[in-house]
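Only the coordinates and a few stated rules stand behind these numbers; no lab work does. This one's a predicted model, so the numbers in the text were calculated from it and none came from an experiment. As a convention, Cβ positions derive from the backbone with ideal geometry for all residues, glycine included, and neighbour counts pool all protein chains shown.
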Amino acid sequence: MKDNEILLNISTFLADNENKKITHAKLREFVANILTKKSEGSYYLPSTGFLRLKDIIGDRNASPPIPAILPISRTTWWEGVEEGKYPAPLFIGYRTAVWPIEEIFALIQKIKEEAPRGRARDGTL
């Protein structure tokens, strides 16, 4: 999404809610939607920052749903962290774990490089 589109979305949001009380949750959801959606409806990730686990493995129950970067379960993710297969988290609070987005990009690249190409092991496509 281009900067001018973001400004237009913000202006529209503020105009639509001019006489209403804007809650923190509503504003946060609006900003998250702007920052994570491209104009054609697909999602993208910023090049720097941190991701929570739900941003990595997705959350279908969120509103709007968060698509998975890695289609694995929470249990599989934490087992992979313990085994050293996935990056260790940074704890920015007592129960708040985050991962630098650069480490997730590196993990995706590593998975792509190690993934077998061509036919599956059983000979099917």
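Quick one: which residues, 5 or more positions from residue 50 or on another chain, have an amide H under 5 Å from its amide H? H modelled 1.01 Å from N in the peptide plane, none for Pro or chain starts.
Placed amide hydrogens put 101 under 5 Å from residue 50.
Per-residue counts of other Cβ atoms within 10 Å, averaged by peptide: what ranking do you get for 81-90, 107-116, highest first?
Ranking the peptides 81-90, 107-116 by packing returns 81-90, 107-116.
Give me the extension gain from residue 105 to residue 83: residue separation times 0.36 nm, minus the current Cα-Cα distance, reported in nm with one decimal. Can you show the working numbers first?
Details: separation 22, 0.36 × 22 = 7.92 nm, distance 1.90 nm.
Full extension of this stretch gives 6.0 nm more.
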